[in-house]
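The values are calculated or read from the model by the stated rules, or taken from the named source; none is laboratory data. This one's a predicted model, so the numbers in the text were calculated from it and none came from an experiment. All Cβ positions, glycine included, derive from the backbone under ideal geometry; neighbour counts span all protein chains shown. In case anyone asks, the SASA skips ligands and DNA or RNA and just uses the protein heavy atoms, side chains included. Shrake-Rupley method; radii C 1.70, N 1.55, O 1.52, S 1.80 Å.
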Amino acid sequence: MTITALQTKNFTHDQFQHAGNALHSLAASVAKLVTTLWSAAMPSRQLVPTVLTARQEADQLRAMADDVQRSDPRFAQDLYAAADRHERAARSE
């Protein structure tokens, strides 16, 4: 008859601490790897500021005036007038 005994090892607090530190380091490394791979896969796009003409700016202002026309007609009229002044001022420069 054979008796097989299974020996269990009691882990100390320090051993759990070391295992926790190792897992934390592994997680940080994996996160850094994923970030690096994601950055390499995605092409970087630099935003180029769009320069609008005075006409385009005035048209945007008129569109804003159209949006508020029903709720505040006086303010909308001020916006229309400002758009006209902006366009005229750009033409005279």
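Given 0.36 nm per residue, what is the gain on full extension from ARG45 to ALA81 after removing their alpha carbon distance, in nm? It would help to have the intermediate numbers written out before the result.
Values: separation 36, 0.36 × 36 = 12.96 nm, distance 3.78 nm.
Full extension from ARG45 to ALA81 adds 9.2 nm.
Considering only protein heavy atoms, what per residue accessible area in square angstrom results for the stretch 50-92 with a 1.4 angstrom probe?
77 Å²
Would you work out the relative contact order for the stretch 50-92, in percent, from Cα pairs under 8 angstrom that are 6 or more residues apart?
Details: 29 pairs, mean separation 18.7, N = 43.
Result for the stretch 50-92 is 43 percent.
Could you check the spin-label model distance between ASP14 and ARG70? Points 7 Å from the Cα along Cα→Cβ, value in nm.
Reported label-point gap for ASP14 and ARG70 is 7.6 nm.
Inverting the mean 1/r over all pairs of different Cα atoms, compute the Kirkwood radius of the stretch 50-92 and quote it in Å.
10.4 Å
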